[in-house]
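Asks: Sharing a structure, written as structure tokens. Questions coming.
The values are calculated or read from the model by the stated rules, or taken from the named source; none is laboratory data. Because the structure is predicted, anything quoted here is derived from the model rather than measured. All Cβ positions, even for glycine, are placed from backbone atoms using ideal geometry, and neighbour counts span all protein chains on display. Surface accessibility is based on the protein's heavy atoms, side chains included, excluding ligands, DNA and RNA. Shrake-Rupley method; radii C 1.70, N 1.55, O 1.52, S 1.80 Å.
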Amino acid sequence: MIFRLEYKNRNGLQARLDITTPGSSIVKEIEGTENPFILSYKGDKSDKSLHFMTSSAEINIYETPEFNIDTLKTSSETQIKVDHYIDDKLNWTGFVIPDFFSREIGGAGVISMTASDRISTLKGVTLSDLPAMVQIRDLAVRCLAKTGLDLPLKTMADFRATELGFNQYFRSEIASQRLYDSKGRSISCYDILKSILVTSGSTLRQRGGEWHIINKLQHEAGVGRVYSTENTSVDYVESVHNFDEIVKGARRTIIPVAGSVGIYHEYGGGKLHPDNY
């Protein structure tokens with residue numbers, strides 16, 4: 001079943017939240033609270049490396065006879081899927097974490113849950129049935145598929161390894177034998193991705209319903225080629241948002257500087273010097 005919430009901002013831009021559970025494809029309308037969907041990103045470490053930018057969403061929906069914690073409860077980490085759209089374009093997708101169902105007793109029943117992109121689960125997942133030689137881009141795609149999310153991968157890490165041109169890093173191949181440690185154990189998908197990110201100086205995140213591996217320097221400079229396949233690419237275009245005032249979630253404050261109001265921070269001038277001048 002698909003539980004759907006649709007809402008708009010003050011500019012009329014429509015957003016849609018779909019919570020899909022096993023069973024039929026019947027669509028049921030649900031009602032969200034004042035904070036129905038809050039998306040946040042967090043680095044995997046507290047330092048400035050920021051190779052992994054994991055994302056999660058806090059979801060708060062009013063309870064209904066069909067939509068409640070008794071009917072939603074599950075032990076599977078990939079049974080309840082969340083899709084968030086903006087202007088009918090996929091903005092983010094993930095799976096609800098089963099341990100984070102809650103309902104406050106008393107008052108209006110609000111179902112609170114947390115959805116994740118499941119990047120952190122790659123620490124306990126390995127690859128198998130690899131060819132003798134595997135392309136680095138294909139390796140990254142295989143690892144990200146272990147999250148359960150079927151999303152395309154876009155890369156921007158232009159390195160000129162030969163005279164053939166750019167993007168040679170993700171087109172290069174490595175021996176799959178290197179994906180085992182000294183004791184013959186398979187290296188986790190998380191560690192494989194981390195090696196790719198460290199080598200290419202990149203960060204990984206989900207954005208616009210896609211996986212993005214972007215070189216940090218190119219991202220900062222705002223230049224490069226974004227590859228959607230091995231050979232298909234377009235010029236990188238920065239997303240620029242100009243605004244005069246924050247719409248929500250901020251406090252606007254005006255504090256005059258001392259030099260504009262006199263030495264005692266008094267409006268209208270005041271003394272130009274201390275008494276003991």
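Asks: Report yes if residue 77 is closer than 23 Å to residue 206 by Cα, touching a strand residue (DSSP E or B) at 6+ places or on another chain (Cβ under 9 Å), part of a loop (DSSP other than H, G, I, E, B) and modelled with pLDDT under 95, otherwise no. It would help to see each step written out before you state the result.
Replies: Working: closer than 23 Å to residue 206 by Cα: yes; touching a strand residue (DSSP E or B) at 6+ places or on another chain (Cβ under 9 Å): yes; part of a loop (DSSP other than H, G, I, E, B): yes; modelled with pLDDT under 95: yes.
So residue 77 fits the description; yes.
Asks: With the structure loaded, tell me whether residue 163 is at pLDDT 95 or above and acidic (Asp, Glu) or whether it fails that test.
Replies: Values: at pLDDT 95 or above: no; acidic (Asp, Glu): yes.
In short, no.
Asks: Can you find even one residue in the range 122-145 that is modelled with pLDDT of 90 or more and farther than 22 Å from residue 180 by Cβ?
Replies: No.
Asks: Also: Here are the criteria: (1) modelled with pLDDT of 90 or more; (2) of a type in the set (Ser, Thr, Tyr); (3) within 22 Å of residue 41 (Cα to Cα). Tell me which single one residue 188 does not satisfy.
Replies: (3)
Asks: Okay, next question. I'd like the full set of residues that are farther than 27 Å from residue 99 by Cα and surrounded by 18 or more Cβ atoms within 10 Å (Cβ to Cβ), limited to the range 118-143.
Replies: Within the range 118-143, 136, 137, 139, 140 qualify.
Asks: Let me ask something else about it. Can you tell me which residue within the range 58-74, out of those that are modelled with pLDDT of 90 or more and open to solvent by less than 40 Å² (accessible area, probe 1.4 Å), is nearest to residue 1 (Cα to Cα)?
Replies: Out of the qualifying residues, it is 61.
Asks: Give just the number: which of (1) small (Gly, Ala, Ser); (2) surrounded by 13 or more Cβ atoms within 10 Å (Cβ to Cβ); (3) at pLDDT 85 or above; (4) not in a strand (DSSP E or B) does residue 55 not satisfy?
Replies: (4)
Asks: For the range 1-45, please list each of the strands (runs of 3 or more DSSP E) lying entirely inside it that holds at least 1 residues being on the phi < 0 side of the Ramachandran plot and exposed (fewer than 12 other Cβ atoms within 10 Å of the Cβ).
Replies: 2-8, 27-29, 32-43
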